[in-house]
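**Q** This is the structure I have questions about; it appears just below.
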There are 2 protein chains.
Amino acid sequence: MNLYFAPLACSMSTRIAFYEAGATAQFTQVDTRHKLLAEGGDFRAVNPIGQVPVLRTEDGWLLTENAAILPYVADRFPEAGLAPADPAGRARLQQWLGFIGTELHKAVFTPLLDPAAPEGAKAYARSKTASRLDALQQHLAGREYLLDCFSVADAYLVTVLNWAPYCGIDLAPWPAVAAYQQRLLQRPSVARALGEEMALYKEEQRHRAQA
Amino acid sequence: MNLYFAPLACSMSTRIAFYEAGATAQFTQVDTRHKLLAEGGDFRAVNPIGQVPVLRTEDGWLLTENAAILPYVADRFPEAGLAPADPAGRARLQQWLGFIGTELHKAVFTPLLDPAAPEGAKAYARSKTASRLDALQQHLAGREYLLDCFSVADAYLVTVLNWAPYCGIDLAPWPAVAAYQQRLLQRPSVARALGEEMALYKEEQRHRAQA
């Protein structure tokens, strides 16, 4: 499988899933600002919207959307136990992937992280932040993971929460969320993915500064 | 099963799924503006974020997020064929549910439909509209449905596209999308759900005007 990714973007959650599963995968870096493949070429030919992640499966077809890629990868490596198999567990997994994607990623973080977003869009995102983190705090208090054990939903959530300091969100008022994040950052798969992508991110920033 | 819904909100997609399946379900109306159950009581006790849909399953537990509820309902009525069962088909279903939820619903329609959204948030949403509808146009050209046959992803998409005229989006520049919408509106399950919820919506508007 080949994952089109951008350093520290939401695609990092799929890298974490691969590392959890001990899986071999290719990683193709994308400059999502300029919609170019790092090795050259128009990324819009892969994904017309120009967003990561895109997964090229072993059968050669392309899959987009974290809430589709993450369960797909989990199912390819069932021995890693990254997704529940029973219908209720599966539904709860998709619920959390949906919540993270719609309520946190798109409603809160995307406008706050985007330098091109107007101030009104950022204010609108900030107006939604507390209620979303309140819901997360309520759920995570007394829990180690979103579900009964580590799943691809945790891989997505720790990736998204990692953006908080970059857009002025201090998690301290939500102590269960802050503790969850710190705990997950200690996990070898997460620490490895974050370390590698942070290095790639800094390299990309250096290149942009020189350009 | 009991669906907490608001008239013409995204929860209508689950109503369509129930009608497709010929299933018996309860429908509990919610005033999402005031976070109240129509029959009285605080809806936040059901969902702290105050959003529909919420599904109370036959086992009594609560499920949120369209991308979780719709496949769950589809799986409860497999004879209706509302969701593919093979891994690749399933992944593509979740991809479309993810795309509709993140790229259309949250990124475009939520800010445009919300009277409380600042102009900057609406401008940001408008800046994303064309590329999202372009992607949809490209996919739907020559296709009848998002997947090979009608699925819960179509139930979600027709529900979301129904909001276009309420926020100044004319689908004419995307003829495959406009034709898809018109075709889906003829589908008995969709026509019935839309007719019933339109009546409830108008009644709610009348009540609000009198209040």
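Every number in this text was worked out from the coordinates using simple rules, so none of it is lab data. No experiment lies behind these values; they were computed from the predicted model shown. Because the Cβ atoms are built from the backbone with ideal geometry, glycine has one as well, and the counts that use them run over all protein chains shown.
**Q** Could you list all residues from the range B:78-88 that are touching a residue at least 60 places away in the same chain (Cβ under 8 Å) and either at the interface with chain A (Cβ under 7 Å from one of its Cβ atoms) or among the hydrophobic types (A, V, I, L, M, F, W, C) (or both)?
**A** Answer for the range B:78-88, where residues must be touching a residue at least 60 places away in the same chain (Cβ under 8 Å) and either at the interface with chain A (Cβ under 7 Å from one of its Cβ atoms) or among the hydrophobic types (A, V, I, L, M, F, W, C) (or both): B:A80, B:L82, B:A83.
**Q** What's the total number of residues in the range B:97-112 that are of a type outside the set (D, E, K, R) and within 8 Å of chain A (Cβ to nearest Cβ)?
**A** Adding up the residues that qualify gives 9.
**Q** While we're on this one: Output the number of residues of the range A:1-55 satisfying the condition of being within 14 Å of A:N66 (Cα to Cα) and among the basic types (K, R).
**A** Final tally of qualifying residues: 1.
**Q** Name, by its number, the condition in (1) assigned to a helix (DSSP H, G or I); (2) out of contact with any Lys or Arg (no Cβ under 7 Å at 6 or more places or on another chain) that does not hold for A:D148.
**A** Going through (1) assigned to a helix (DSSP H, G or I); (2) out of contact with any Lys or Arg (no Cβ under 7 Å at 6 or more places or on another chain) one by one, A:D148 breaks only (1).
**Q** Here are some conditions: (1) within 11 Å of another protein chain (Cβ to nearest Cβ); (2) buried (at least 17 other Cβ atoms within 10 Å of the Cβ); (3) acidic (D, E); (4) touching a Phe, Trp or Tyr at 6+ places or on another chain (Cβ under 9 Å). B:D154 meets all but one. Which one does it not meet?
**A** For B:D154, the failing item is (1).
**Q** Name the single residue, out of those in the range A:130-151 being within 12 Å of chain B (Cβ to nearest Cβ) and under 18 Å from the mean Cα position of the chain (by Cα), that is nearest to A:Y72 (Cα to Cα).
**A** Here the answer is A:L136.
**Q** Residue by residue through the range B:163-178, note down the ones that are within 18 Å of the chain's Cα centre (by Cα) and surrounded by 14 or more Cβ atoms within 10 Å (Cβ to Cβ).
**A** Across the range B:163-178, the qualifying residues are B:W163, B:A164, B:C167, B:I169, B:L171, B:V177, B:A178.
**Q** Let me ask another. All but one of (1) more than 26 Å from B:D114 (Cβ to Cβ); (2) in contact with a Ser or Thr (Cβ under 6 Å, 6 or more places away or on another chain) hold for B:Y145, so report the exception by its number.
**A** Among (1) more than 26 Å from B:D114 (Cβ to Cβ); (2) in contact with a Ser or Thr (Cβ under 6 Å, 6 or more places away or on another chain), the lone unmet condition for B:Y145 is (2).
**Q** Considering the range B:63-77 alone, what residues qualify as being of a type in the set (V, I, T) and either touching a residue at least 24 places away in the same chain (Cβ under 8 Å) or in contact with a His (Cβ under 8 Å, 6 or more places away or on another chain) (or both)?
**A** Matches in the range B:63-77: B:I69, B:V73.
**Q** Shifting gears a bit: Filter the range A:116-153 for residues that are over 30 Å from A:E20 (Cα atoms) and of a type in the set (D, E, K, R) and give the result.
**A** Correct list: A:E119, A:K122, A:R126, A:K128.
**Q** A further question on this structure: When you go through (1) under 16 Å from A:M12 (Cα atoms); (2) in contact with a Phe, Trp or Tyr (Cβ under 8 Å, 6 or more places away or on another chain) one by one for A:L146, which number turns out not to apply?
**A** Tallying (1) under 16 Å from A:M12 (Cα atoms); (2) in contact with a Phe, Trp or Tyr (Cβ under 8 Å, 6 or more places away or on another chain), A:L146 fails exactly one: (1).
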